[in-house]
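Worksheet for the structure shown next.
The values are calculated or read from the model by the stated rules, or taken from the named source; none is laboratory data. As the structure is a computational prediction, the values presented were derived from the model and not from experiment. Cβ coordinates were reconstructed from backbone atoms using ideal geometry, including for glycine residues, and neighbour counts include every protein chain displayed. Accessible surface is based on the protein model in full, side chains and every heavy atom, while ligands, DNA and RNA are left aside. Shrake-Rupley method; radii C 1.70, N 1.55, O 1.52, S 1.80 Å.
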Amino acid sequence: MVDITHKTSTLRIATAQAIVKVSKQETIEAIQNGTVPKGDVFAMSKAAGLLGVKKTPDLLPDCHPLPIEYTGIDYTIDGLEITVLVTIKTIYKTGVEVEAMHGASIVALNMYDMLKPIDKGVEIHHIKLLHKKGGKSDYKDKFRTDLKAVVIVCSDTISEGKKEDKAGKAILAKLEQCDVSILDYIIIPDEIDVIQEKVKHYQDKGTDMVIYTGGTGLSVRDVTPEALKPLLDRTIPGIEEAIRKYGQDRMPYAMLSRSVVGTIKNTLVLALPGSTNGAKESMDAIFPEVLHVFRILKGARHD
């Protein structure tokens, strides 16, 4: 199965349809009057659909088992056609489109099975996804397409050439995926005055984002938060919490990170962990949703 461990849980909704077409009006009347020999067609088919939704990962090998938190099954009759609508909701890392389509298919197939003794011309048509919602694609911000970022690696050992930078490069890769232009990428030592000088310099140049990696731990030389906090106009605790929550779900030491996020005027400043995994996971936790900040800074309302 596809690896979804890097994803975050969001509200996922999908609605699918199937159309059952009978060949005579008498069949519709039998369904409505409850005279179909095999029983209540709508009630039994709804029960079959619920089971089908729950059994989806048992039958389709690439589907992840996931919590189904709501399933709604509705019917509408138009002439000789019965439209089945299946809506599913969950809060999880992956969508429920296949579950909705599978549920609609099972509802329609059960109706076929119950109606075939009285109508040999029953057909199933137009099983398809009608719409879906949820996941990062729904929250990818398109308000700004000209964002520019600077990535600054804070590390004594890397600046001295004793170690290769991987965390900064992981951040660069994520920014490029999110269509953010890279204005600069530099490596500096863990010195408060240097850290402060760089953020002031790039903020004066109108840089949208200044992203630091390294210096957020608890060693004596980890001073990035101390350097940046006095310069921030406002901190954004929610982003900091999202970073730590995402990391803590993946390894127990993430709670020790002192990641800092805030703004200096219209520049977003982020101080992320210096480990490769810590930097990568921090970026996965908040991008691209964090780009919504730039709509708010321009005065837009939350959608």
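Placing +1 on the Cβ of every Lys and Arg and -1 on the Cβ of every Asp and Glu, with no other charges, gives region 1-51 a dipole of roughly 140 debye about its Cα centre.
Separation between the LEU232 and GLU160 pseudo-spin-labels, each 7 Å from Cα along Cα→Cβ, expressed in nm? Reported label-point gap for LEU232 and GLU160 is 2.9 nm.
Summing Cβ point charges (Lys, Arg +1; Asp, Glu -1) relative to the Cα centre of region 160-268 gives a dipole of roughly 260 debye. Bridging of LYS89 to aspartates and glutamates at a Cα separation below 13 Å is possible for GLU69, GLU97, GLU99, once same-chain residues fewer than 8 apart are set aside. Show that you can apply the helix-only estimate: for the chain, add -39,500 (n - 2.57) for every DSSP H stretch of four or more residues, divide by all residues, and state [θ] at 222 nm to the nearest 500. For the chain, the value works out to -10500 deg cm²/dmol. Rolling a 1.4 angstrom probe over the chain with all protein chains present gives an accessible area of which 53% lies on carbon and sulfur atoms. Report, to the nearest 10°, how far helix 41-54 tilts away from the longest principal axis of the Cα atoms in the chain, using its own Cα long axis and a range of 0 to 90°. Relative to the chain, helix 41-54 is tipped by roughly 30 degrees. Treating cross-link reach as a plain straight distance, find the lysines whose alpha-carbon is under 22 Å from the alpha-carbon of LYS163, omitting any fewer than eight places away in the same chain. Reachable lysines: LYS174, LYS198, LYS280.
Stokes-Einstein diffusion for the chain at 25 °C, viscosity 0.890 mPa s, with a Kirkwood radius from C-alpha pairs, works out to 109 µm²/s. Between MET251 and THR145, the simple label model (points 7 Å from Cα in the Cβ direction) yields a spacing of 3.8 nm. Taking amide H as placed 1.01 Å from N in the peptide plane, the amide H of ARG12 sits under 5 Å from that of THR90, ILE91, TYR92, each at least 5 places away or on another chain.
The alpha carbon gyration tensor of region 152-303 gives principal lengths a ≥ b ≥ c with a/c below 1.5, which makes the shape rounded.
Along region 99-107 the Karplus relation, 6.51 cos²θ - 1.76 cosθ + 1.60 evaluated at θ = phi - 60°, assigns HN-Hα couplings of 4, 5, 5, 5, x, 5, 5, 5, 4 Hz to successive residues, with x for each Gly and Pro.
Computed with a 1.4 Å probe over protein heavy atoms only, the accessible surface of the chain comes to 51 Å² per residue.
Take the Cα of LYS21, step 7 Å toward its Cβ, do the same at ILE91, and the gap between the two points is 4.2 nm. Relative to the longest principal axis of the Cα atoms of the chain, helix 192-204 runs at roughly 60 degrees. Here's how it looks for ILE182: its modeled amide H is under 5 Å from those of ALA149, which are all 5 or more places away or on a different chain.
Normalised by the number of residues in region 1-84, the mean separation of alpha-carbon contacts (under 8 Å, six or more apart) gives a relative contact order of 44 percent.
Summary of packing: across the peptides 40-50, 280-290, the per-residue average of other C-beta atoms within 10 Å ranks them, highest first, as 280-290, 40-50.
How big is the gap, in Å, between the Cα center of region 240-294 and the Cα center of region 62-124? Cα centroid to Cα centroid, the span is 40 Å.
Relative to the longest principal axis of the Cα atoms of the chain, helix 167-177 runs at roughly 50 degrees. Taking a point 7 Å out from the Cα of ASP113 in the direction of its Cβ, the residues of region 27-48 whose backbone N falls within less than 16 Å of it are 37-48. Listed by chain and number, the aspartates and glutamates whose C-alpha is less than 20 Å from the C-alpha of LYS21, apart from same-chain residues fewer than 8 away, are GLU29, ASP40, ASP74, ASP78, GLU81, ASP113, ASP119, GLU123.
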